[in-house]
Every structure is written in structure tokens, then in C-alpha cells.
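Read-outs: derived from the displayed coordinates by stated rules, not from any lab. Bear in mind the structure is a predicted one, so any value in this text is a computation, not a measurement. We place every Cβ from the backbone using ideal geometry, glycine too, and count neighbours over all the protein chains shown.
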Ligand code: PBG
């Protein structure tokens, strides 16, 4: 009877697997702070996507780790960049049966680690991210990812006007059907720590992203951010992180009519794994509880490193 009347469902079709693909390696590399998650090779990511698809997973989001990082993150839009190559591989393997998403940002690709183009020397206290110069680069990345087969581009840099700039760039390049998943309400969170290990990213000079990501003391600002993104053409909006921001997910769900995604981020995953490894909590029980809570709060789609585990549990 509990199942009959349960208000919330959790099934594999609502989960998106974040996958890291690293250029220039011949074996997958474990990520110490994300137990069970690896930096994939070009070959191993193809196997992983096939196995996820076989288990009913409908979508993956790709993050690239390039060999060469530079001031503007040019590997993010180079047609031969690691994500673009991988998108072409996956298109050949799985076609349209898996929704291929690409994270759209430059922090994995810049030598200074910021999500945008800087207006001065890295590490200098008076240097900041040049919002509008960054938009131009984001437009180029969107087109490169769409050319390579992305069905969805997911801008995560929190630059003002990024969704509109990307929509215009995609349309001008003939990619009218490529959708935008906007990381709209993305907080300047301490919970992204393990992700920075996953993409070998550190901010030169030890800065932070507080100039462009949201302050965790603010909830109403999230509604302004999602509404701005929808007005600019976002097809889906995202709240990130997830479990510490269930109130934001619920408020966004009530305020908008586009699909709402939530990102259960690296630090949230790492806390679960660490406590479970110590025998302090039961992994499977807590993992199901947390993912269900994110859905109960209102997320239609959940990006989570638990996708493979959950798919296997239900296979
Ligand atoms: C930026 C990006 C980040 C994450 C996803 N996209 C890092 C950041 O904003 O610092 C974090 C994801 C996670 O922690 O799992 N490209």
C-alpha cells in the first residue's frame, strides 16, 4: 500500500550521468575524491555510454579535460577538442537514442581556472572576469558542440546574458533544434571541491567564483535568474547544488513552467561515499533517500554521479 500511494517516483529515465573525458590518456583514471567515478579515455567513455543506454539511462552530460589549457580556453571550441571528438564518437555509437548534453564553460580549459575571459593578468587582485568578452567565446563553444552532435548545451558559467548569446549563436549557425539547459541558479558552493579534482582545475592565485555565482544566503535571486534565462530562451533551468537547496528547487518549480533540473554535485556525492565507507550510514538507503528528496522537491531531471549505480540496481 505504501507503493500504491507514494507521491514521488524515482526512475532511471529522469537521471543524467555526468561523464569526464580526458585527452591523452590510455587508461581511465580514478578520481580519488569521487570514489567510483573516473576520467574516461575516448574509448572507455563510449563503452560507458553504451552500457548506460542498455540499462535505460536516457542522457549523459560531458565534461572535457584537455591536455592544453590557455588564456581563453580555446580547446572548448576547437572542432578537434576532446568533447567535440567524443560527441562525434557517441553520435556514431548511439545516435539519437541517448540525449547528449555538453557542459558549456571554460574553467576546465583555461590556464587560470576561471569560467570566463579575464580583463587582466591571472592572479592579480584587480583582475576580473569580462562578462561580455566571455559571451562571445560561449557562442563559439555552443556552435562547436552542436556541430559535433550535442542535442543540449548546458552553460554553467553564470555570465549575465549567456543564454541569449548562445541562443543567437546557435540559431545563426542553423542549430535551431539544439536545446539549452541553463545552470540558472548556481550557487558559489563549497560542494564543487571534488569536481575541481575531476577536471584538474584550480583558480590561479586562489580566487573564487563569488563574482558570478550566487550567494547561498539568497533565495529570491534564484527566481530572478531563472526568469531571465527563460526570457532569453532557456529550454530547461537548473538548480545547483541539490540537497542543500531543496527550497530553491521547490520555489523554482512553482515559479516556472519549463522542466526543472537539479545537479546533485560532486561534494554531495563525496560526503555520501565517505560516510558510507566508514560504516556510518547505509549507502543504498541514503542514496535513494537523497535522490528521492531532490525529485520530491520538484526536480524533473537529476544530474547525479549515482546514475550508473542506480541503473544497475534497477537493471
Ligand atoms: C563549471 C562547472 C562546475 C560544476 C559543473 N560545471 C564547477 C564550478 O562551477 O566550479 C560542478 C559540478 C560538481 O561539483 O559536481 N564548468
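For region 230-288, the share of alpha carbon pairs falling in successive 10 Å distance bins from zero is 21, 39, 25, 12, 3 percent. Between region 49-102 and region 212-228, the C-alpha centres lie 29 angstrom from each other. Where does the Debye-calculated log10 I(q)/I(0) of the chain sit at q = 0.13, 0.15 Å⁻¹, using only Cα point scatterers of equal weight, no solvent? Taking Cα atoms of the chain as identical point scatterers yields -0.92, -1.27. Out of 32, 237, 153, any idea which swings most in a Gaussian network model of the chain, alpha carbons joined below 10 Å? Maximum fluctuation in the GNM of the chain, among the listed residues, is at 32.
Expressed as a whole percent, the proportion of Cα-Cα pairs in region 250-315 lying more than 13 Å apart is 66%.
Could you list 181, 118 in order of exposure, starting from the residue whose Cβ has the fewest other Cβ atoms within 10 Å?
Details: 181 31, 118 20.
The most exposed by this proxy come first: 118, 181.
Here the Gaussian network model covers the chain, with springs between Cα atoms less than 10 Å apart; of 117, 180, 281, 281 fluctuates the most.
Quotient of the Cα radius of gyration of region 107-227 and 2.2 N^0.38 Å, N being its number of residues: 1.09. Expressed in units of 2.2 N^0.38 Å, where N is the residue count, the Cα radius of gyration of region 37-148 is 1.17.
Here, region 204-315 has an Rg and a Dmax of 15.6, 47 Å when only alpha carbons are counted.
Can you give the FRET efficiency for residue 80 and residue 132, using 1/(1 + (r/R0)^6), R0 = 30 Å, r = Cβ-Cβ distance, to the nearest 0.05? Rounded to the nearest 0.05, the efficiency is 0.65.
Grab the beta carbon distance between residue 227 and residue 11, set R0 = 30 Å, and tell me the FRET efficiency rounded to 0.05.
Working: r = 29 Å, r/R0 = 0.98.
Efficiency, from the Cβ-Cβ distance: 0.55.
Taking 7 Å steps out from each Cα toward its Cβ at residue 277 and residue 247 produces label points 3.2 nm apart. Considering only 73, 64, 190, the mean-square fluctuation computed in a Gaussian network model of the chain, springs between alpha carbons under 10 angstrom, is largest for 190. The label-point distance for residue 288 and residue 197, in a model that sets each label 7 Å from Cα toward Cβ, rounds to 2.8 nm.
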